[in-house]
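Student: My structure is below; once you've seen it, I'll send some questions.
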4 protein chains.
Amino acid sequence: MRTHLYRGEERIVIGVVGGAQRLNQEAVRQLPGVDRLVPITRPYKLASREFIPEKSSFRLGEVRVGGPGLLIIAGPCSVESRSQILEVAQAVRESGAHALRGGAFKPRTSPYSFQGLGQEGLELLAEARALFGLPIVTEVMAPEQVPLVAQFADVLQIGARNMQNFNLLNAAGASQQPVLLKRGPSATIEDLLMSAEYILAQGNRRIMLCERGIRTFENATRNTTDINAIPALGSLTHLPVILDPSHSTGEAGFVEAIALAGVAAGADGLIIEVHPKPKEALSDGQQSLTPDQFARLVRSVQAIAEALGRASQVSL
Amino acid sequence: MRTHLYRGEERIVIGVVGGAQRLNQEAVRQLPGVDRLVPITRPYKLASREFIPEKSSFRLGEVRVGGPGLLIIAGPCSVESRSQILEVAQAVRESGAHALRGGAFKPRTSPYSFQGLGQEGLELLAEARALFGLPIVTEVMAPEQVPLVAQFADVLQIGARNMQNFNLLNAAGASQQPVLLKRGPSATIEDLLMSAEYILAQGNRRIMLCERGIRTFENATRNTTDINAIPALGSLTHLPVILDPSHSTGEAGFVEAIALAGVAAGADGLIIEVHPKPKEALSDGQQSLTPDQFARLVRSVQAIAEALGRASQVSL
Amino acid sequence: MRTHLYRGEERIVIGVVGGAQRLNQEAVRQLPGVDRLVPITRPYKLASREFIPEKSSFRLGEVRVGGPGLLIIAGPCSVESRSQILEVAQAVRESGAHALRGGAFKPRTSPYSFQGLGQEGLELLAEARALFGLPIVTEVMAPEQVPLVAQFADVLQIGARNMQNFNLLNAAGASQQPVLLKRGPSATIEDLLMSAEYILAQGNRRIMLCERGIRTFENATRNTTDINAIPALGSLTHLPVILDPSHSTGEAGFVEAIALAGVAAGADGLIIEVHPKPKEALSDGQQSLTPDQFARLVRSVQAIAEALGRASQVSL
Amino acid sequence: MRTHLYRGEERIVIGVVGGAQRLNQEAVRQLPGVDRLVPITRPYKLASREFIPEKSSFRLGEVRVGGPGLLIIAGPCSVESRSQILEVAQAVRESGAHALRGGAFKPRTSPYSFQGLGQEGLELLAEARALFGLPIVTEVMAPEQVPLVAQFADVLQIGARNMQNFNLLNAAGASQQPVLLKRGPSATIEDLLMSAEYILAQGNRRIMLCERGIRTFENATRNTTDINAIPALGSLTHLPVILDPSHSTGEAGFVEAIALAGVAAGADGLIIEVHPKPKEALSDGQQSLTPDQFARLVRSVQAIAEALGRASQVSL
């Protein structure tokens, strides 16, 4: 068995998980300082509100993920060139983004599609961070890539198709880096929380979950945004939840509407694809916003956040 | 073939649909007053933005459906008693609802469940309208019920499970009453528009479409709110679109979050289940709000509508 | 409350359903002749194996639906003309079909598509029956059509999109005619059984259920054949279950493979679309077999049925 | 660009894939020995019937995968102990299985579930092979595990949740070992073929695809067997296709019916979970057959295969 400590404002909770044999409950109850022993009924333990009732949060650059303000991550699907990533970084920084996304290792359905710039892409992201001060969110695709990616990234992104790549979850957990965990297109909310549990079980609590659309019969849009997942996750887990309206709609024309919907539904943040010239993008051009469209989106998001009494994100 | 006239602000459009043989295009082009002849490429014709580019709207009681303001319909799942419906009607009227919903004929999965009060329910709804001035929205389940229901209702609701009951669509269309057409749980957006087309083909344009959740693999919530459908329908059709967060979530605790999301995404209105004592409701208690919860929801909705520059609904 | 009598080989079962108040169990137990009182835990009662443990069967023309042999229903999607329906009827009769299908009232997604010949279609089906001796299976779309259709049809078909048209289920049940009830494209197995319960609750037990494919994310085929439903229904209900591989695949080239799969999985029968010239069909040409393809399918089906020790269907 | 050679019976095909720039078609056409240049329209190239029109097959132990006979793989979900795996191996060998399955590295939804015996499990599988002569099929979960697993396994299994783990696909492809590629629960048929393309692009053609059920709204069974995928894949690809009715139903009582359905629909083989004591299994007990149930299944499968004119599998 392994213990997990949580220091809440009113009490200290010690989570005890794993192990084939049952806990000797009576013996534990009689230990000094033990007030109560509460079995967690959900299959996920450390991820549950039963273990940690308050919302979790952690610092990322100048902002707090899971805090009262909204987190806005923006950037291109893939890092394509030095000029592209620097141009986007500057633009989204000016519009109000708090972190920069960009793929260096790209999971692509076809082996013949652009697979990302690899380490060169990571170095370009690091350069953008140095110039514009935005923390970097980028995807890691395999356990053996974790050390390399963790060297450059502020947040390790685990993509939707790797949500149940358990070796990768373990490696990302063990890295103790913040993790952005995307929901798989056919993963239930419980599946998502079980995958988060893998990371938490490694002692890593800096996780944000990301709804990015699920696969349904509807094909008018690329995916179906499971907007219900925002309040549903909020009731089940203490982990912050962000929305990726770019993937969840697949259509630039719908991104702002769904971004606003996500904020209205209570999301802790957004991750948005932005490209200087969407039509020339090597991947996901159809769903990428121009910097101008992104700037407009941020203004609308701020208006809604204020109407709901949520501070738009401010410096710590 | 049958013609459908639309008088737009800049031009008059005559829709010509039906008929097995092809139109003699050359002959039509040479008729006096004909500027252009435009084939509509979508399978739905009268429902498409190609036929009517502006948003359609129609008057309902003191408000305009599809206008700049939001329409809020509220009331119990089923009319259960005189005191119940009058209590709800008064409460939702005071909180700001514009129309009253309530089922008299109830489609129930089980033949042993409460099937509604029938005509008595309709009479109680009429009494509530007389007392509180709210137009009535109520479901009609079969073609032969249309004359009876149309006698009492201001809006004929066609339920999700009857969305492709084509005989009913024809009858509702022919009644020339306003229709609230709910999307079936496995209907695509195109299916929904094809069903609206049945009503439009009868010359009845006073239709509002309603997203009420689709059936997916996710079972953490009763249905999956297809929030993408709001902007997607907005781009494809001129018909107003409302959201039913009560059915689309199935959980009272999530209704407000999803109602706000719907407004943020651009819905023209909401339909919300309200019951004085949800735990004692004969149907859908799990997803019904109390009058107090509803009042709070309306206030939040108004705040968001204002932040988005949309007037909250006002008298005509 | 209403009682339903079932005379089994070993005991007589009296089903008691409906009613808002609880049964006085003690009083019932003390009635003369009462051996046991067994609550049925499933939401469907009369449809459950708990009520009737043996497989139900009923006679249709020269064969028995739900008996040891297989039922094969074949014919065109729509009755299009006298020559078409007579040609198909003769061909499928010669190949070994036991009943003729053909739509006179057609539920079509578009109001502008061919809607069927109506009563004229019914009369042509009756003529085909008179000439070739095949019982007729045809769809009824609305409660008020039931008397007309029942006058011509041996089996009333309730289509997938009407599976939860409860007024129609009640009317078909009350007609006491055999009913072929198709599963809706997004109906669960439990939903299907609840709809059968409506018919059973009217005292009508001559029902066959039909799996015709469900709607999923996969679009390589028109629908997804839920082959699991065959053994799953077999374990839950006593009602016979047939498969419609024409709709469940939507592709003539896959119909035979899936028909064989259905028989191998334990289906009680098949319903197959056959058209003399599929490319000229007014509906469903893509999934219709030619008479020759159908003849080949029947031979393969018989080979499998024999290998599984099931008599191919013989005269009563 | 990279070339892939296929020597068919009538012609030699050279596949040319990859590369950002377009092929100089005219130059290629004029090379000596070139008859025709055919663009492949599908997104998957090497996997398509357009590239290789004949069914592919390869030898595995004493049988041929993709040959006229059926391949039957059987064994426990997880290797749990020496006695367990040897007992199952002997039993399934005697009943007619051609290969032994068993998990040593187990992808589990929960981090607290049994994760497999790891290398010890691989060694036990090797011992079973030595004793009973069955080739071994076992899962590999991460690229860095490939060399270890390939040292013990005759077939590398890539699990459903790793179907789009592209680094793993590349590593398995590069190993040049036979691969059993399972379809992901929300993967389309095209997605599956794109994943196979990753392996093929590494020059590895010994692949069998495996339908193991997809995720849909239906929850009466663990997954929905996409039986349509059997003929659909058969029409699109030359790769052999097998069915896993244990996972595709999740219910031991339905496995035989669906196994038979798979064979009737044209599957090239089956993979079946067998455990000496299903109720005590550390994983998947609900869907595991006893050795006796498996023996009965094999007899039924053979009867159907013979009825369809397919030799049951014989020695090479």
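The values are calculated or read from the model by the stated rules, or taken from the named source; none is laboratory data. Please read these numbers as outputs of a predicted model, since none were measured by experiment. Note: ideal-geometry Cβ built from the backbone for every residue, glycine included; neighbour counts use all protein chains shown.
Student: Working only within the range D:144-175, note down all residues that are within 14 Å of chain A (Cβ to nearest Cβ), part of a loop (DSSP other than H, G, I, E, B) and in contact (Cβ under 8 Å) with a residue 24 or more places away in the chain.
Tutor: Residues satisfying the conditions are D:GLY159, D:MET163, D:GLN164.
Student: Please determine whether any residue of the range A:257-276 is more than 29 Å from A:ARG206 (Cα to Cα), of a type outside the set (A, V, I, L, M) and either touching a Lys or Arg at 6+ places or on another chain (Cβ under 8 Å) or in contact (Cβ under 8 Å) with a residue 12 or more places away in the chain (or both).
Tutor: yes
Student: Any residue in the range C:235-247 that is of a type in the set (D, E, K, R) and over 18 Å from the mean Cα position of the chain (by Cα)?
Tutor: Looking for residues that are of a type in the set (D, E, K, R) and over 18 Å from the mean Cα position of the chain (by Cα), one finds none in the range C:235-247, hence no.
Student: Okay, next question. Which residues, counting only those in the range D:47-67, are surrounded by 20 or more Cβ atoms within 10 Å (Cβ to Cβ) and farther than 26 Å from D:HIS98 by Cβ?
Tutor: Within the range D:47-67, D:SER48, D:PHE51 meet the criteria.
Student: Which pairs have Cβ atoms under 6 Å, sit 6 or more apart or on different chains, and link a residue in the range B:220-231 that is in contact (Cβ under 8 Å) with a residue 40 or more places away in the chain and more than 11 Å from A:ILE258 (Cα to Cα) to one that is surrounded by fewer than 24 Cβ atoms within 10 Å (Cβ to Cβ) and of a type in the set (Ser, Thr, Tyr)?
Tutor: Sorted first by the residue in the range B:220-231, then by its partner, the list stays empty.
Student: Might you check whether a residue that is β-branched (Val, Ile, Thr) and in contact with a helix residue (DSSP H, G or I) (Cβ under 9 Å, 6 or more places away or on another chain) occurs anywhere in the range A:33-40?
Tutor: Yes, because at least one residue in the range A:33-40 is β-branched (Val, Ile, Thr) and in contact with a helix residue (DSSP H, G or I) (Cβ under 9 Å, 6 or more places away or on another chain).
Student: For the range A:220-275, name all the residues that are more than 19 Å from B:PRO231 (Cα to Cα), outside any helix (DSSP H, G or I) and either at pLDDT below 95 or at the interface with chain B (Cβ under 9 Å from one of its Cβ atoms) (or both).
Tutor: Residue satisfying the conditions is A:GLY266 alone.
Student: Look through the range A:75-87, keep the residues that are in contact with a Pro (Cβ under 9 Å, 6 or more places away or on another chain) and closer than 14 Å to A:ALA130 by Cα, and return whichever of them is surrounded by the fewest Cβ atoms within 10 Å (Cβ to Cβ).
Tutor: A:GLU87
Student: Another question, then. Do we have any residue at all in the range A:76-96 that's assigned to a strand (DSSP E or B), free of Cβ contacts under 8 Å to residues at least 60 places away in the same chain and either within 30 Å of D:MET163 (Cα to Cα) or within 21 Å of the chain's Cα centre (by Cα) (or both)?
Tutor: No, the range A:76-96 contains no residue that is assigned to a strand (DSSP E or B), free of Cβ contacts under 8 Å to residues at least 60 places away in the same chain and either within 30 Å of D:MET163 (Cα to Cα) or within 21 Å of the chain's Cα centre (by Cα) (or both).
Student: Would it be correct to say that B:MET141 is part of a loop (DSSP other than H, G, I, E, B), facing another protein chain (nearest Cβ under 8 Å), more than 30 Å from A:GLU211 (Cα to Cα) and not small (Gly, Ala, Ser)?
Tutor: yes
Student: Output the number of the condition that B:PHE294 fails; it satisfies all remaining conditions of (1) of a type outside the set (Ser, Thr, Tyr); (2) touching a strand residue (DSSP E or B) at 6+ places or on another chain (Cβ under 7 Å); (3) surrounded by fewer than 24 Cβ atoms within 10 Å (Cβ to Cβ).
Tutor: (3)
Student: May I pose another question? Can you pull out every residue in the range B:110-138 that is surrounded by fewer than 24 Cβ atoms within 10 Å (Cβ to Cβ), at pLDDT 95 or above and assigned to a loop (DSSP other than H, G, I, E, B)?
Tutor: Within the range B:110-138, B:LEU117, B:GLY118, B:GLY133, B:PRO135 meet the criteria.
Student: Is it true that D:THR237 is buried (at least 24 other Cβ atoms within 10 Å of the Cβ), touching a Lys or Arg at 6+ places or on another chain (Cβ under 8 Å), among the polar types (S, T, N, Q) and over 20 Å from C:SER235 (Cβ atoms)?
Tutor: Yes; evaluated as a whole, the condition is true for this residue.
Student: May I pose another question? If A:ASP191 meets every condition in (1) under 28 Å from B:THR188 (Cβ atoms); (2) more than 9 Å from chain D (Cβ to nearest Cβ); (3) outside any loop (DSSP other than H, G, I, E, B); (4) without any contact (Cβ under 8 Å) to a residue 60 or more places away in the chain apart from one, which number is that one?
Tutor: Condition (2) is where A:ASP191 drops out.
Student: Also: Considering the range A:202-216 alone, what residues qualify as being out of contact with any Asp or Glu (no Cβ under 9 Å at 6 or more places or on another chain), buried (at least 24 other Cβ atoms within 10 Å of the Cβ) and within 13 Å of chain D (Cβ to nearest Cβ)?
Tutor: Correct list: A:ARG215 only.
Student: Continuing with the same structure: Given the conditions (1) aliphatic (A, V, I, L, M); (2) in contact (Cβ under 8 Å) with a residue 60 or more places away in the chain; (3) farther than 26 Å from B:ASP191 by Cα, and given that B:ALA47 satisfies all but one, which numbered condition is not satisfied?
Tutor: Going through the list (1) aliphatic (A, V, I, L, M); (2) in contact (Cβ under 8 Å) with a residue 60 or more places away in the chain; (3) farther than 26 Å from B:ASP191 by Cα, B:ALA47 breaks only (3).
Student: Still on this structure, I have one more. From the residues in the range B:1-32 that are surrounded by 10 or more Cβ atoms within 10 Å (Cβ to Cβ) and of a type in the set (A, V, I, L, M, F, W, C), which one is nearest to B:ILE199 (Cα to Cα)?
Tutor: Among those residues, the one meeting the criterion is B:VAL17.
Student: For the condition in contact with a Lys or Arg (Cβ under 9 Å, 6 or more places away or on another chain) and either among the aromatic types (Phe, Trp, Tyr) or modelled with pLDDT under 95 (or both), what is the one hit in B:PRO107, B:PRO32, B:PRO39, B:PRO43?
Tutor: Exactly one of B:PRO107, B:PRO32, B:PRO39, B:PRO43 is in contact with a Lys or Arg (Cβ under 9 Å, 6 or more places away or on another chain) and either among the aromatic types (Phe, Trp, Tyr) or modelled with pLDDT under 95 (or both), namely B:PRO107.
Student: Within the range D:113-143, can you find the residues that are touching a residue at least 24 places away in the same chain (Cβ under 8 Å) and among the small types (Gly, Ala, Ser)?
Tutor: Result: D:SER113, D:GLY116, D:GLY121, D:ALA126, D:ALA128, D:GLY133, D:ALA142.
Student: Got a sec? Which of C:ILE199, C:ILE272 is touching a strand residue (DSSP E or B) at 6+ places or on another chain (Cβ under 7 Å) and farther than 30 Å from C:MET1 by Cβ?
Tutor: C:ILE272
Student: Here's something else I'd like to know. Could you count how many residues in the range C:219-230 are crowded, with 24+ Cβ neighbours inside 10 Å and in contact with a Ser or Thr (Cβ under 9 Å, 6 or more places away or on another chain)?
Tutor: The total comes to 6.
Student: Six or more apart or on different chains, Cβ under 9 Å: which pairs go from a residue in the range A:277-300 that's closer than 17 Å to A:LEU86 by Cα to one that's aromatic (Phe, Trp, Tyr)? Could you list them?
Tutor: That search, which allows pairs on different chains as well, returns A:LEU282/A:PHE114.
Student: Collect the residues in the range D:109-131 that are away from chain A (no Cβ under 14 Å) and within 21 Å of the chain's Cα centre (by Cα), keeping them in residue-number order.
Tutor: Hits for the range D:109-131 are D:GLY121, D:LEU122, D:LEU125, D:ALA126, D:ALA128, D:ARG129.
Student: Of all residues being assigned to a loop (DSSP other than H, G, I, E, B) and under 14 Å from the mean Cα position of the chain (by Cα) in the range B:176-188, which is surrounded by the fewest Cβ atoms within 10 Å (Cβ to Cβ)? Just the residue, please.
Tutor: Per the stated criteria, the residue is B:GLN177.
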